[in-house]
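The values are calculated or read from the model by the stated rules, or taken from the named source; none is laboratory data. All values reported here derive from a predicted model rather than from experimental measurement. As a convention, Cβ positions derive from the backbone with ideal geometry for all residues, glycine included, and neighbour counts pool all protein chains shown. For accessibility, only protein heavy atoms count, side chains too; no ligands or nucleic acids. Shrake-Rupley method; radii C 1.70, N 1.55, O 1.52, S 1.80 Å.
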Amino acid sequence: MTENTVIIGLTGGIGSGKSTVVRQFGNLGVHWVDADDVAREVVEPGMPALAEVAAHFGEDILTDEGALDRAKLRQIVFEHPEERAWLEGLLHPVIREELIRQLHPQDYALPYVLLVSPLLLETDQHQLVERVLVVDVPESVQIERTMARDANSREQVERIIAAQMPRDQRLAKADAVIDNNQPSDQVATEVRALHEAFLVDFG
């Protein structure tokens, strides 16, 4: 990868099908990095960030195997905003550094890579990208898909959606949009067309 490789941010609300769309880009040879995966990697056992989290919140934040007990941590930070601020202050810079590292693969020929992030526009991650690609579905579809996928209640899913950027605001910030509320072959056609446009724009 060269210094001129363009980073495009791919985002969308929960249940919009970001991972399905990014896999289709991957099938075309596009390198992509998922911010959620990186956020998990930086707090795996043995990582410095996990040691700091355990030192701050206490050893009961760990499972018997020494991994982070995410459910317990989530409960603490939702109930105590100041703890959430502390955690974000610790993790956001670490995640950002690792994202930048993974977004620069060796021996990569295409002119762009994708950063997949549900909170691209809500965090400073949007500063890393030159364009924003939004995967979009109606809110009713988000709710149905997320309830089916995660076995969450409707109320829970609606709370998660309410905590994310509103759909109209997200769309207003998009440089390109993929409508993921259509048959998969049509979505694949849209992905290919966008890919070819990006090759022309950045090649």
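Computed values, structure above
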read-out	value
Candidate set from region 1-30 (those that are within 24 Å of Arg149 (Cβ to Cβ), touching a residue at least 24 places away in the same chain (Cβ under 8 Å) and small (Gly, Ala, Ser)); member that is surrounded by the most Cβ atoms within 10 Å (Cβ to Cβ)	Gly12
Long-range neighbours under 8 Å by Cβ, at least six apart or interchain, first residue free of Cβ contacts under 8 Å to residues at least 12 places away in the same chain within region 75-95, second open to solvent by less than 60 Å² (accessible area, probe 1.4 Å)	Val77/Glu83; Val77/Leu87; Arg84/Val77
Residues being touching a Leu at 6+ places or on another chain (Cβ under 8 Å) and touching a residue at least 40 places away in the same chain (Cβ under 8 Å) - total across region 31-50	9
Test: residue in region 119-140 that is in contact with a strand residue (DSSP E or B) (Cβ under 6 Å, 6 or more places away or on another chain), surrounded by fewer than 16 Cβ atoms within 10 Å (Cβ to Cβ) and outside any helix (DSSP H, G or I)	yes
Criterion: without any contact (Cβ under 8 Å) to a residue 12 or more places away in the chain and among the basic types (Lys, Arg) - qualifying residue of Arg159, Arg192, Arg145	Arg159
Every residue from region 31-50 that is open to solvent by 30 Å² or more (accessible area, probe 1.4 Å) and farther than 13 Å from Leu91 by Cβ	His31, Trp32, Asp34, Asp37, Pro45, Gly46
Test: residue in region 181-193 that is within 16 Å of Leu10 (Cβ to Cβ) and surrounded by fewer than 13 Cβ atoms within 10 Å (Cβ to Cβ)	yes
Enumeration of residues in region 20-42 that are farther than 17 Å from Leu99 by Cα and small (Gly, Ala, Ser)	Gly26, Gly29
Lone unmet requirement of (1) more than 18 Å from the chain's Cα centre (by Cα); (2) at pLDDT below 90; (3) not in a loop (DSSP other than H, G, I, E, B) for Val187	(2)
Residues (open to solvent by less than 40 Å² (accessible area, probe 1.4 Å), at pLDDT 95 or above and within 24 Å of Met147 (Cα to Cα)) located in region 157-179	Arg170, Ile178
